[in-house]
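A short worksheet on the structure shown next.
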Amino acid sequence: MPRFANSVTDLRSSEIRDLMSLATAPDMISFAGGMPGNELFPLETIDRIYQSLTEKEKQIALQYGPTTGLPSLLESLSDYLEKKGLPVKSNRLMITTGSLQAIYILAKAFIDPGDPVLVETPGFIGALSAFRSCQANLISVPLNGDGMDIEQLKRRLETTLPAPKFLYYTPNFHNPAGIIYSRKVKQEMTNLLKGREIPVIEDDAYSELYFYEEDIQEMQLMKAADPEGIDVCYTGSFSKILGPGLRLGWMLVPDGIYRKCELIKQSIDACSPSISQMIADKFIRREEIYDYTANIRKEYKKRGLAMIGALEAFLPAYVTFEKPRGGFYTWLRLPEGSDSTAVLKRAIEKGVVFVTGKTFDPDGVKNDFMRVSFCNTDEETIRRGVPLIAEAIQEVCGP
Ligand SMILES: Cc1ncc(COP(=O)(O)O)c(C=O)c1O
């Protein structure tokens, strides 16, 4: 038996990954993945961008680059983020290999084995795994329909000793809960965190994928306010607005944190793919990004509405959910104590997959929820798949 490091003994394959192998069976309907629809990628634009590169640019694209990112992308992305209201000038921007790497680097920067960190329950499995791999003690704060339960957060802050190393949260189109944090909750979080020296990791992978313009106000980021006395570490990604295969994300953080993170990134992969950075840079500079995101917003909205409509038509009344207003996910609440793994087994027999609730529980226990995503299936497939999910639920939880 190989003698693995203590830090990795608790890492287990997540149900999400195991399920991916089933999700690729040719006729399986997959509501499991959190990936963009393949048919929505801007293939022609990427071809055009690559063809238009000069010989010198192509050489740069195939070469190692600076650890913190290609200067031209840092410049164009800064502009892009500034337009979103983010304080680029008073912070430092670093390109990372997906935003998961940004989260992992921040975890490495702050966590010693056993350190408590505040996370949401349910929470994004990738971040939870990154924190686990640094041997963090995950202190979970439950979510309501408008964000973290503030009373519970207050209690955790008062009772967790030593003080948590950071708080991690996902403000917009939460994975898996599908919710948006309200401005009120973000303000209350800010008030509670002030003066405690607990940085915030604000993971904003989905904010471009809103269905309704009127939500933009509510979606204002904590980083945009950059409250004094709180180090907000903002992370974002090209994965949902261009393509996850490019493996490109970023962090926007205060200078002191940036300098530590640069050293950590050097030891992980030296730099993020130059070729991806070159393409992302042109995608922003030529303003293709604005049309593209406008188009995919429309398509995901159609899929999201098809999902809501089908769920309302077919689910038994005892299953409840917040209607998504953007992003990729719906989070279904089964009757208390139900076992979504049993539902999944039935669903797979019927030819449809989703992800079980406990996958997203920091304690890996609570299983009376399920995540059903609408990102990688068209409307017709959504309408075919949802009745099968409803049948599987009824067979396990009753009519
Ligand atoms: C909430 C959240 N954050 C971060 C990521 C990481 O994305 P990437 O590493 O591709 O940028 C994902 C991916 O699904 C996500 O759902």
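The values are calculated or read from the model by the stated rules, or taken from the named source; none is laboratory data. Computed from a prediction, not measured in an experiment: that's the story for all the values here. Cβ placement follows ideal geometry from the backbone for every residue including glycine, while neighbour counts extend to all protein chains displayed.
Considering every residue within the stretch 376-387, establish whether at least one is without any contact (Cβ under 8 Å) to a residue 60 or more places away in the chain and in contact with an Asp or Glu (Cβ under 8 Å, 6 or more places away or on another chain). Walk me through it before giving the result.
The initial filter retains those residues of the stretch 376-387 that are without any contact (Cβ under 8 Å) to a residue 60 or more places away in the chain, namely 380.
So of that shortlist, the ones also in contact with an Asp or Glu (Cβ under 8 Å, 6 or more places away or on another chain) come out as none.
The answer is no; no qualifying residue exists.
Taking the stretch 191-206 on its own, how many of its residues are surrounded by fewer than 22 Cβ atoms within 10 Å (Cβ to Cβ), part of a loop (DSSP other than H, G, I, E, B) and of a type outside the set (D, E, K, R)?
Qualifying residue count for the region: 2.
For the stretch 76-126, enumerate the residues that are surrounded by 21 or more Cβ atoms within 10 Å (Cβ to Cβ), within 13 Å of the ligand (Cβ to nearest atom) and among the polar types (S, T, N, Q).
Of everything in the stretch 76-126, those that are surrounded by 21 or more Cβ atoms within 10 Å (Cβ to Cβ), within 13 Å of the ligand (Cβ to nearest atom) and among the polar types (S, T, N, Q) turn out to be Thr96, Ser99, Gln101.
Looking at Gly69, is it within 16 Å of the ligand (Cβ to nearest atom) and either farther than 20 Å from Phe328 by Cβ or of a type in the set (Asp, Glu) (or both)?
Numbers: within 16 Å of the ligand (Cβ to nearest atom): yes; either farther than 20 Å from Phe328 by Cβ or of a type in the set (Asp, Glu) (or both): yes.
Yes; evaluated as a whole, the condition is true for this residue.
Quick one: Asp291 ticks every box in (1) free of Cβ contacts under 8 Å to residues at least 40 places away in the same chain; (2) in a loop (DSSP other than H, G, I, E, B) bar one, so which box is it?
Going through the list (1) free of Cβ contacts under 8 Å to residues at least 40 places away in the same chain; (2) in a loop (DSSP other than H, G, I, E, B), Asp291 breaks only (2).
Under the condition of being outside any helix (DSSP H, G or I) and surrounded by 23 or more Cβ atoms within 10 Å (Cβ to Cβ), which residue from the stretch 242-262 is farthest from the ligand (Cβ to nearest atom)?
Here is the first cut: in the stretch 242-262, the ones outside any helix (DSSP H, G or I) are 242-243, 247-254.
When the remaining residues are screened for being surrounded by 23 or more Cβ atoms within 10 Å (Cβ to Cβ), the result is 242, 248-253.
Values: Leu242: 10, Leu248: 7, Gly249: 4, Trp250: 9, Met251: 11, Leu252: 14, Val253: 16 Å.
Looking at the filtered set, the residue picked out is Val253.
Return the only residue of Val343, Val372 being surrounded by 23 or more Cβ atoms within 10 Å (Cβ to Cβ), in a helix (DSSP H, G or I) and among the aliphatic types (A, V, I, L, M). Step through it out loud before you land on a result.
Values: Val372 fails: in a helix (DSSP H, G or I).
When all the criteria are applied, what remains is Val343.
Given the residues Pro176, Pro199, Pro162, which is the only one that is touching a helix residue (DSSP H, G or I) at 6+ places or on another chain (Cβ under 8 Å) and more than 21 Å from Asp361 (Cα to Cα)? Show your work before the answer.
Working: Pro176 fails: more than 21 Å from Asp361 (Cα to Cα); Pro162 fails: touching a helix residue (DSSP H, G or I) at 6+ places or on another chain (Cβ under 8 Å).
Exactly one residue qualifies, and that residue is Pro199.
Just give me the residues in the stretch 25-75 being of a type in the set (Ser, Thr, Tyr) and surrounded by 15 or more Cβ atoms within 10 Å (Cβ to Cβ), in sequence order. Talk me through it step by step, then tell me what you get.
First, pick out the residues of the stretch 25-75 that are of a type in the set (Ser, Thr, Tyr): 30, 45, 50, 52, 54, 64, 67-68, 72.
Passing the criteria: Ser30, Thr45, Tyr50, Thr67, Thr68, Ser72.
Could you list all residues from the stretch 195-231 that are in contact with a Leu (Cβ under 9 Å, 6 or more places away or on another chain), away from the ligand (no atom under 16 Å from the Cβ) and of a type in the set (A, V, I, L, M)?
Ile198, Ala224, Ile230, listed by residue number.
Determine whether Tyr290 is under 22 Å from Leu167 (Cβ atoms) and away from the ligand (no atom under 16 Å from the Cβ).
Values: under 22 Å from Leu167 (Cβ atoms): no; away from the ligand (no atom under 16 Å from the Cβ): yes.
Spelling it out, it is not the case that Tyr290 is under 22 Å from Leu167 (Cβ atoms) and away from the ligand (no atom under 16 Å from the Cβ).
Mind telling me which of the residues Glu120, Glu151, Glu82 ends up being without any contact (Cβ under 8 Å) to a residue 12 or more places away in the chain and closer than 25 Å to Lys240 by Cβ?
Numbers: Glu120 fails: without any contact (Cβ under 8 Å) to a residue 12 or more places away in the chain; Glu151 fails: closer than 25 Å to Lys240 by Cβ.
None of the other options fit; the residue is Glu82.
Every residue, every condition in (1) under 22 Å from Leu73 (Cα atoms); (2) not assigned by TED's automatic domain parsing to the domain that holds Thr68, yes or no:
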position: Glu214; (1), (2): no, no
position: Arg247; (1), (2): yes, no
position: Tyr258; (1), (2): yes, no
position: Pro273; (1), (2): yes, no
position: Ala280; (1), (2): yes, no
position: Ile284; (1), (2): yes, no
position: Tyr300; (1), (2): no, yes
position: Arg303; (1), (2): no, yes
